[in-house]
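Trainee: My structure is below; once you've seen it, I'll send some questions.
The values are calculated or read from the model by the stated rules, or taken from the named source; none is laboratory data. Computed from a prediction, not measured in an experiment: that's the story for all the values here. Here the Cβ positions follow ideal geometry from the backbone for every residue, glycine too, while neighbour counts run over all protein chains shown. Surface accessibility is based on the protein's heavy atoms, side chains included, excluding ligands, DNA and RNA. Shrake-Rupley method; radii C 1.70, N 1.55, O 1.52, S 1.80 Å.
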Amino acid sequence: MAEDIYDVIIVGGGPAGLTAALYAARHNLKTLVLEGVKVGGRALDAHWVDNYPGFPEGISGPDLMQRFVDQVERFGAEVKHETVIGFSDFGDLKMVSTRQGYHQAKAVIIATGVNRKQLSVPGENEFKGRGVSYCAVCDGPFFKGKKVAIVGEGREAAHDAEIIAETASKVYAIPGKRGYSDDFPELQRMKENPRIEILEGREIKEITGKDSVQGVKLDDGSHLELDGVFVILERVGTTGILQEAGVATDAGGCILVDDTGMTNIRGVYAAGDCSCWGMQIATATGMGARAALSAMKHVKTVK
Amino acid sequence: MELFCSPVCPNCPAARRLFNEAAGRHPGDEFVEVNTYTEAGIERGMSLKVMAVPTVAVDGEIKLVGWPFDEKDLEQAIAQAKA
């Protein structure tokens, strides 16, 4: 088992993690990236990326991420394909456990991203593209003057409810049994918006329709007539492990960071989608760079 | 042949590439991109009951909805329309 002490361990090999690795390795920090699934993260799902600066003709997600990997490796960062199963803070040293063993570092940057989830109720797959959508900004305009539900407990769902309500006749915001994951600024505005009705404590049990969505059945037995259902559910990867280790998150699992990218634990940083901000490759890289720069300063303080 | 797409949809650029390649293979047919980020584009989409992007319609009839679809799917939709 590896007894080497790294300067920085980066958990997650998406845009934020790889950018953090680039900055750390380029400054001669002994850097390890742990990625249990596939290096590149959710950006690999982007068939074409038109909004990442420096590529005027656009570039495919996989090609862009390969360039990230090449650049990171050029500066000597190690990338290991290991799934993280535990994290412990021992003050100046942090221990990251994986299925293969454990690694130690002076600083840890969490960049585990989020996984987009399905609602997993009857009718969801049947009506995909025919009223069921996972992208409010893409498909919302088709629901002008119509009734829709926005399902999700996170800030993105709250934000999307406000956006859709600009054109839809009625928006039912359904955060689920536990309600919204935090007291987002959007919530007060939603409560004051006559087109939005927040249905807390209820869940969708079935999406119904014929050629397209016509409604939903709720767990209290009631039925809502609808034209569309927007599913905006996200979960931060490895949240449970981090919460057990004492890393502060909001109720939705989004990792809370300060202006330097540091979590509530000294020497532990978070960047990218796992801190639930931006959800773009460009924002993730910026946050990754910020976390790495902060980690560099921290590493100098550890003997 | 119409492709309904939006500049804010992450899968639309890939759909546009396939659509434009198909246009190159069928120079005698009309291929139109409909930008659903415009009022006119949304109205056209809603008139055909389009509810998601990307969507491909042939002669005003929806053939492919959402992503992914591939070259074979597009060619099949074109062949069905010509049959």
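Trainee: Return one number: the angle in degrees, 0 to 90 and rounded to the nearest 10, between the long axis of the Cα atoms of helix B:71-82 and the longest principal axis of the Cα atoms of chain B.
Mentor: 80 degrees
Trainee: In debye, nearest 20, what is the charge dipole magnitude of chain A about its Cα centre with +1 on Lys and Arg Cβ and -1 on Asp and Glu Cβ, if you could check?
Mentor: 340 debye
Trainee: How much net charge surrounds residue A:12 when only the other residues with a Cβ under 10 Å from the Cβ of residue A:12 are counted, with Lys and Arg +1 and Asp and Glu -1?
Mentor: Values: positive: none; negative: A:35, A:273.
So the environment of residue A:12 carries a net charge of -2.
Trainee: Counting heavy atoms of the protein chains only and a 1.4 Å probe, report the per residue accessible area for chain B as a whole number of Å². If you can, show how the numbers build up before the last one.
Mentor: Values: 4290 Å² over 83 residues.
Averaged over the residues of chain B, the accessible area is 52 Å².
Trainee: Here is a further query. Rounded to the nearest 10 degrees, what's the angle between the helix B:12-25 long axis and the longest principal axis of chain B, both from Cα atoms, 0 to 90?
Mentor: Tilt relative to chain B: about 30 degrees.
Trainee: Related question: Within 10 Å of each Cβ of A:120-129, how many other protein chain Cβ atoms are there on average?
Mentor: For peptide A:120-129, the averaged partner shielding equals 2.
Trainee: For peptide B:38-46, how many partner chain Cβ atoms fall within 10 Å of a residue's Cβ, on average? Walk me through the intermediate numbers first.
Mentor: Numbers: counts 1, 2, 0, 1, 6, 2, 0, 3, 6.
Neighbouring Cβ atoms belonging to other protein chains average 2 per residue here.
Trainee: Determine the total buried accessible area between chain A and chain B, counting protein heavy atoms only with a 1.4 Å probe; round to the nearest 100 Å². Numbers along the way, then the final one.
Mentor: Working: alone 14490 and 5090 Å², together 17980 Å².
Adding both sides of the contact gives about 1600 Å².
Trainee: What does the average come to when, for each residue of peptide A:47-53, you count the partner chain Cβ atoms lying within 10 Å of its Cβ? Numbers along the way, then the final one.
Mentor: On the way: counts 10, 8, 2, 5, 4, 0, 0.
Shielding by partners across A:47-53 averages 4.
Trainee: In addition: Go ahead and set up a Gaussian network model of chain A, Cα springs under 10 Å, then flag whichever of A:140, A:152, A:253 fluctuates most.
Mentor: Between A:140, A:152, A:253, it is A:140 that shows the largest mean-square fluctuation.
Trainee: What's the carbon and sulfur percent of the protein assembly as shown's accessible surface, probe 1.4 angstrom, rounded to a whole number? Please report the intermediate quantities before stating the final value.
Mentor: Values: 8670 of 17980 Å².
Whole-percent figure for carbon plus sulfur exposure: 48.
Trainee: Give me the accessible area of residue B:26, 1.4 Å probe, in Å² rounded to the nearest 10.
Mentor: The accessible area comes out at roughly 30 Å².
Trainee: Ok, one more. Would you mind calculating the relative contact order of chain B from Cα pairs under 8 angstrom and at least 6 residues apart, reporting the percent as a whole number? All intermediate terms of the calculation are to be shown ahead of the outcome.
Mentor: Working: 111 pairs, mean separation 29.0, N = 83.
It rounds to 35 percent for chain B.
Trainee: With a length cut of 27 Å (Cα positions projected on each helix's long axis) and a Kyte-Doolittle mean of at least 0.0, go through chain A and give me the DSSP H helices that pass.
Mentor: In chain A, the long hydrophobic H runs are A:281-301.
Trainee: Once Lys and Arg get +1 and Asp and Glu get -1 on their Cβ, which of A:293, A:231, A:167 lies farthest toward the positive end of the dipole of the stretch A:152-297?
Mentor: A:293
Trainee: Using only alpha carbon pairs under 8 Å that are at least six residues apart, calculate the relative contact order of the stretch A:1-137 and give it in whole percent.
Mentor: On the way: 243 pairs, mean separation 42.0, N = 137.
Reported relative contact order: 31 percent.
Trainee: Let me ask something else. Place a +1 charge on the Cβ of each Lys and Arg in the stretch B:22-76 and a -1 charge on the Cβ of each Asp and Glu, then give the dipole magnitude about the Cα centre in debye, rounded to the nearest 20.
Mentor: Working: 5 positive and 11 negative charges, 28 e Å.
Rounded to the nearest 20 debye, it is 140 debye.
Trainee: What ranking of A:133, A:88 comes out by heavy-atom accessible area, probe 1.4 Å, highest first? Intermediate results must be reported in sequence, preceding the final value.
Mentor: Working: A:133 5, A:88 45 Å².
Per-residue accessible area, sorted high to low, gives A:88, A:133.
Trainee: In bins 10 Å wide, starting from 0, what share of all Cα pairs of the stretch A:68-166 does each bin hold, as a percent?
Mentor: That works out to 11, 28, 19, 21, 18, 3, in percent per bin.
Trainee: Can you give me the solvent accessible area of residue A:79 with a 1.4 Å probe, rounded to the nearest 10 Å²?
Mentor: 40 Å²
Trainee: Shifting gears a bit: Residue A:191: which lysines have alpha carbons under 19 Å from its alpha carbon, excluding same-chain residues fewer than 8 sequence positions away?
Mentor: Here the lysines satisfying the reach criterion relative to residue A:191 are A:147, A:170, A:177.
Trainee: Roll a 1.4 Å probe over the protein chains and send me the accessible area per residue for the stretch A:214-287 in Å².
Mentor: Numbers: 2910 Å² over 74 residues.
Normalised by residue count, the accessible surface of the stretch A:214-287 is 39 Å².
Trainee: At q = 0.14, 0.23, 0.25 Å⁻¹, what log₁₀ I(q)/I(0) does the stretch A:1-91 have when each alpha carbon counts as one equal point scatterer in the Debye sum?
Mentor: -0.52, -1.14, -1.27
Trainee: How large is the Kirkwood hydrodynamic radius of the protein assembly as shown, counting all unique pairs of alpha carbons, in Å? Walk me through the intermediate numbers first.
Mentor: Numbers: mean 1/r = 0.0445 Å⁻¹.
Kirkwood hydrodynamic radius for the protein assembly as shown: 22.5 Å.
Trainee: Go ahead and set up a Gaussian network model of chain A, Cα springs under 10 Å, then flag whichever of A:232, A:110, A:163 fluctuates most.
Mentor: Maximum among the listed residues: A:163.
Trainee: Which whole-number percentage describes the relative contact order of chain A, with Cα contacts under 8 Å and a sequence gap of 6 or more?
Mentor: Relative contact order, chain A: 22 percent.
Trainee: Another question, then. Explain nothing, just the number: dipole magnitude of the stretch A:157-261 about its Cα centre with +1 on each Lys and Arg Cβ and -1 on each Asp and Glu Cβ, in debye rounded to the nearest 20.
Mentor: Numbers: 11 positive and 21 negative charges, 79 e Å.
The calculation lands at about 380 debye.
Trainee: By accessible area of protein heavy atoms, probe 1.4 Å, what ranking do A:139, B:59 get, highest first?
Mentor: On the way: A:139 10, B:59 135 Å².
Sorted by accessible area, descending: B:59, A:139.
Trainee: Also, quick follow-up: So how exposed is residue B:43, as accessible area in Å² (1.4 Å probe, rounded to 10)?
Mentor: In the full protein context, residue B:43 sits at about 120 Å².
Trainee: In what sequence, largest accessible area first, do B:31, A:90, A:184 appear using a 1.4 Å probe? Present the calculation step by step, with values, prior to reporting the outcome.
Mentor: Values: B:31 45, A:90 130, A:184 15 Å².
So the residues, ranked largest to smallest area, are A:90, B:31, A:184.
Trainee: Using a Gaussian network model on chain A with a 10 Å cutoff between Cα atoms, which of A:19, A:31, A:98 fluctuates the most?
Mentor: A:98
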